[in-house]
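Contents: one structure, followed by commentary.
The values are calculated or read from the model by the stated rules, or taken from the named source; none is laboratory data. Because the structure is predicted, anything quoted here is derived from the model rather than measured. Note: ideal-geometry Cβ built from the backbone for every residue, glycine included; neighbour counts use all protein chains shown.
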Amino acid sequence: MNPREAVEAFLRHFAAERAPSAHTLAAYRRDLDKLLRFMEADGLGSFDALTPDRLRGMIAREHRGGLQPNSIQRLLSACRTLFRYLTREGQLAHDPAASVRGPKVRRKLPVVLDADEAKELVETNLGGTLAPRDSAMMELFYSSGLRLAELCGLRWGDLDLEEGLVRVLGKGNKTRILPVGRFAIAALRGLAALGGATPEQAVFKGREGGPISPRTVQARLAKLSSGHAKRVHPHMLRHTFASHMLESSGDLRSVQELLGHADIATTQIYTHLDFQHLAKVYDAAHPRAKRKAAKP
């Protein structure tokens, strides 16, 4: 099996095993195509010919070409996942990426809405026939911290409005049962009252009556937030949900479960946000911490 055939086999396996979003799968394909182009340019006809030094050469070349550190780390991650698969399948005797390190990435904290901004956004009403759908969508996003793909794929049968629960199918085909807040329940009941709320029907419908597309959700969020201080995207609402939950509860493990993170290290970024908030309160309130006003 030549390298391109091996990559295609890996991508099929990856899609079947992990059920990634279309965006994630496309990113893996783009990154692995970089690897294949590098190998072809260097005359490497098999993955066994790819040594750690050659892989470092590829990383250095991409870095000199302007690829950002976070994109290089993503490229390395895709390569490592591919090499692990090939090793398990007996197609590769060694892991060329085992000792390869990418450039350090400066961790960027996610932007979140504060409680007042979140309330203002979810209560925004643009009027018209889409208002009930918009309201239910915004309330559920903020209430339960769903991923965009989870919200788009939601069926009425996944909701138990009497118990205030929603079942979602997340990354890796893992199911989570999440609580739904009372405002979201009210908005969803209002949407259901308009009809077409049978168990197999999509909760949030697009123009053709099927499930709403991620692009449509992004466009509606941009329109709903256009008059606000921050332009909002779907993942910002998930970040906001996580940040507010951690700020109120201090329970990192529970927030991890609610978000569906496999690794708690992914959830820990919200502790930095929480500390950032506490540091601002401290600086503003403690008499020995107040900063001197700048001289005119």
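Remark: pairs (first residue in segment 250-267, on the phi > 0 side of the Ramachandran plot; second residue surrounded by fewer than 20 Cβ atoms within 10 Å (Cβ to Cβ); Cβ separation under 6 Å; 6+ apart in sequence or on different chains) = G260/G170; G260/R176.
Residues in segment 261-289 that are in contact with a helix residue (DSSP H, G or I) (Cβ under 7 Å, 6 or more places away or on another chain), outside any helix (DSSP H, G or I) and either at pLDDT below 70 or over 21 Å from V111 (Cβ atoms) (or both): A289 alone. Residues that are part of a loop (DSSP other than H, G, I, E, B), assigned by TED's automatic domain parsing to the domain that holds G195, more than 20 Å from A16 (Cβ to Cβ) and over 17 Å from the mean Cα position of the chain (by Cα) do not occur anywhere in segment 137-149.
The test for being surrounded by 15 or more Cβ atoms within 10 Å (Cβ to Cβ), at negative phi, among the small types (G, A, S) and at pLDDT 95 or above holds for A187. Highlighted here are the helices (runs of 4 or more DSSP H) found entirely within segment 180-251 that include at least 3 residues which are farther than 23 Å from L159 by Cβ: 214-224, 234-249.
Would you please name the residue that is nearest to I177 (Cα to Cα), looking only at residues in segment 125-141 that are out of contact with any helix residue (DSSP H, G or I) (no Cβ under 6 Å at 6 or more places or on another chain) and without any contact (Cβ under 8 Å) to a residue 12 or more places away in the chain? Selected residue: A131.
Per-residue answers, yes or no, for (1) at pLDDT 90 or above; (2) of a type in the set (G, A, S):
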residue	(1), (2)
A193	yes, yes
G196	no, yes
A202	yes, yes
V217	yes, no
A222	yes, yes
A229	no, yes
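Within segment 201-225, residues that are closer than 14 Å to S135 by Cβ and in contact (Cβ under 8 Å) with a residue 24 or more places away in the chain reach partners that are acidic (D, E) and surrounded by 15 or more Cβ atoms within 10 Å (Cβ to Cβ) with beta carbons closer than 8 Å, at six or more positions or on different chains, in the pairs V203/D158; R220/D134; L224/D134.
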